[in-house]
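Asks: Dumping the structure here so I can ask a few things about it.
The values are calculated or read from the model by the stated rules, or taken from the named source; none is laboratory data. Treat the numbers as computed from the prediction; the structure is a model and nothing was measured. Heads up, the Cβs are rebuilt from the backbone with ideal geometry, glycines too, and the neighbour counts pull from every protein chain shown.
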Amino acid sequence: MDFSLTDDQCLIRDTIRQFMEAEVRPTIRARDREEKFASGELHKLGELGCCSMLLPESWGGQGGDTISYVLMLEEVARVDAAMAVALSVTNSLAVYAVFKYGSEAQKERHLSNLASGEMLGAFCLTEPQAGSDAAAIGTTATRHGSVYKLNGTKSWVTNGGESGLYVVFAKTDPSAGAKGASAFLVEPSFPGFRVARYEDKMGLRTSRSAEITFTDCEVPEANRLGEEGQGLKIALELLEGGRVGIAAQAVGIAQGAFEAAASYAKQRRAFGKTIGDFQAVQWMLADMQTEIEAARVLMYRAAWMRDTRAPRVGPYASRAKLYAGEMVNRVVSKAVQIHGSLGYSRESDVERMYRDARVITIYEGTSEIQRMIIARDLLSGSAPL
Ligand SMILES: Cc1cc2nc3c(=O)[nH]c(=O)nc-3n(C[C@H](O)[C@H](O)[C@H](O)COP(=O)(O)OP(=O)(O)OC[C@H]3O[C@@H](n4cnc5c(N)ncnc54)[C@H](O)[C@@H]3O)c2cc1C
């Protein structure tokens, strides 16, 4: 077993770290306060290849492995978690969707714009009445000759209003349950597409989460992704990959919070010593770093399994996402504790990280859903116990 990174992987990590420190860290607190979407910064990361890490070079991507991809997301999230989710959705749920399930014409039309960072991608599965229970979506796609008309509402669409391509899931056969959904590539210029409003969130305040309505939204048949009825299968497969990215986002936020806490513990004085001299603070730091490492190893394992096409990647992606999501919430809470009142102030980075981390046990499948996936696999008979 070899835990070292390749030279290429180190180069990606170092390049992104340098970029985030120089171009993003100086403005992050102000942008969070102003809820300003980082379009310029994301565009520059797109130029560095961060929107198409897993896409083969022949389609304009980086042809990178999943380890490189999670290293990139970790470095972005270490400074700005909201930018990491924009990139995670674009890479895992939009670019990869078109590459894996798209026709040649769909790839020709969309991949180069997505790969270069010209446009971000979005993924529209959740609805006001259907989150964890994705088969319960009510958006319909009714065929009228060579077009489908989409009707319904999607909620919490990351990159909504900022994206050039929306992967939308709708029922083509509402009577067929989970097998009645299909996937579509929708462009915001299509008639009947509307960004209705933006969510007012606890954290990730510089990311966009939109409610989008489709009113007789005309989508050409050529924009259907995959076959009719394959929609939910496609969504769930994409989310397996997405969860490795969300684990990386969690590890990145936790690493950023740990570094801030360790640095503060070395400066802040109380009772004639630095607070890092107190065992209570040392033990918090030791637990934080140990848990971060544990999550990182689970995440690398899931990434490595994807790269080696190992069987049962899904439950391992769920383990990484479950553990990393719960770990980051413990770590950011300790980071706030170590900062004392400063940790409760918007003058500190850990206050923002505390808010940003909370969503990780919720989106791309809640912790409860991850446990369900892991347990189902363990009890299925195919998993070694
Ligand atoms: C910031 C943000 C960004 C998001 N981005 C996107 C996006 O880009 N695209 C998209 O499609 N969606 C997105 N989502 C939606 C997200 O994926 C859903 O919120 C998530 O899947 C949970 O669905 P829900 O909120 O409807 O909760 P519900 O499904 O209503 O769950 C409520 C509670 O019940 C529990 N529960 C539900 N079913 C079970 C069960 N069978 N067993 C045990 N417990 C259960 C859940 O774990 C949870 O605790 C985003 C959400 C947020 C907050």
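Asks: Tell me which residues, restricted to the range 220-277, are assigned to a helix (DSSP H, G or I), in contact with a helix residue (DSSP H, G or I) (Cβ under 8 Å, 6 or more places away or on another chain) and polar (S, T, N, Q).
Replies: Residues satisfying the conditions are ASN223, GLN249, GLN255.
Asks: In this structure, does GLU75 turn out to be under 18 Å from ASP356 (Cβ atoms) and among the acidic types (Asp, Glu)?
Replies: In short, yes.
Asks: Taking the options ALA262, ALA254, name whichever one is modelled with pLDDT of 95 or more and surrounded by fewer than 20 Cβ atoms within 10 Å (Cβ to Cβ).
Replies: Just a single option satisfies the conditions, and that option is ALA262.
Asks: Let me ask something else about it. If a residue has to be of a type in the set (Gly, Ala, Ser), assigned to a loop (DSSP other than H, G, I, E, B) and either under 19 Å from GLN106 (Cβ atoms) or in contact with a strand residue (DSSP E or B) (Cβ under 9 Å, 6 or more places away or on another chain) (or both) to count, how many in the range 128-154 make the cut?
Replies: Qualifying residue count, the range 128-154: 3.
Asks: Give me the pairs, please: first residue somewhere in the range 297-313 and more than 17 Å from GLN370 (Cα to Cα), second residue anywhere and modelled with pLDDT of 95 or more and not β-branched (Val, Ile, Thr), beta-carbon distance under 7 Å, and either six or more positions apart or on two chains.
Replies: From residues that are more than 17 Å from GLN370 (Cα to Cα), the pairs are MET305/TYR316; ASP307/ASP65.
Asks: All but one of (1) within 13 Å of ARG224 (Cα to Cα); (2) surrounded by fewer than 17 Cβ atoms within 10 Å (Cβ to Cβ); (3) within 15 Å of the ligand (Cβ to nearest atom) hold for ALA105; state the number of the condition that does not hold.
Replies: So the condition that ALA105 fails would be (3).
Asks: So for the range 324-334 (the condition being more than 17 Å from SER88 (Cα to Cα) and of a type in the set (S, T, N, Q)), does at least one residue qualify?
Replies: Looking for residues that are more than 17 Å from SER88 (Cα to Cα) and of a type in the set (S, T, N, Q), one finds at least one in the range 324-334, hence yes.
Asks: Out of the residues in the range 335-378 meeting the condition of being more than 15 Å from the ligand (Cβ to nearest atom) and more than 30 Å from GLN267 (Cα to Cα), tell me which one is surrounded by the fewest Cβ atoms within 10 Å (Cβ to Cβ).
Replies: Among those residues, the one meeting the criterion is LEU378.
Asks: Please verify whether the range 69-91 includes one or more residues that are touching a Cys at 6+ places or on another chain (Cβ under 9 Å) and over 20 Å from THR158 (Cα atoms).
Replies: yes
Asks: Just to check your reading of the model, which residue among SER341, SER380 is assigned to a loop (DSSP other than H, G, I, E, B) and over 30 Å from LEU55 (Cβ atoms)?
Replies: Selected residue: SER380, the only one of SER341, SER380 that is assigned to a loop (DSSP other than H, G, I, E, B) and over 30 Å from LEU55 (Cβ atoms).
Asks: Within the set of pairs 6 or more residues apart or between chains, which connect a residue that is free of Cβ contacts under 8 Å to residues at least 24 places away in the same chain and more than 13 Å from TYR323 (Cα to Cα) inside the range 362-374 to a residue that is of a type in the set (S, T, N, Q) and more than 8 Å from the ligand (Cβ to nearest atom) with Cβ atoms less than 9 Å apart?
Replies: MET372/SER318
Asks: Could you look through the range 137-155, keep only residues that are over 22 Å from the mean Cα position of the chain (by Cα) and closer than 29 Å to ALA84 by Cβ, and pick out the one that is surrounded by the fewest Cβ atoms within 10 Å (Cβ to Cβ)?
Replies: The qualifying residue surrounded by the fewest Cβ atoms within 10 Å (Cβ to Cβ) is GLY152.
Asks: Here's a check for you: in the range 1-46, which residue that is of a type in the set (Asp, Glu) and outside any helix (DSSP H, G or I) is surrounded by the fewest Cβ atoms within 10 Å (Cβ to Cβ)?
Replies: Of everything passing the filter in the range 1-46, ASP2 is surrounded by the fewest Cβ atoms within 10 Å (Cβ to Cβ).
Asks: For GLU211, work out the one condition from (1) more than 26 Å from GLU227 (Cβ to Cβ); (2) loosely packed, with under 15 Cβ neighbours inside 10 Å it doesn't fulfil.
Replies: For GLU211, the exception is condition (2).
Asks: Starting from the range 141-170, take each residue that is over 17 Å from THR126 (Cβ atoms) and list its partners that are assigned to a loop (DSSP other than H, G, I, E, B) and within 10 Å of the ligand (Cβ to nearest atom), counting only C-beta distances under 8 angstrom and pairs at least six apart or across chains.
Replies: GLU162/ARG208
Asks: Quick one: VAL98 ticks every box in (1) over 30 Å from LEU232 (Cβ atoms); (2) in contact with a His (Cβ under 9 Å, 6 or more places away or on another chain) except a single one, so which number is it?
Replies: Of everything listed in (1) over 30 Å from LEU232 (Cβ atoms); (2) in contact with a His (Cβ under 9 Å, 6 or more places away or on another chain), VAL98 misses just condition (1).
Asks: Then there is this: Find the residue count for the range 1-19, including only residues that are among the aromatic types (Phe, Trp, Tyr), over 20 Å from the mean Cα position of the chain (by Cα) and farther than 20 Å from MET305 by Cα.
Replies: The qualifying residues number 0.
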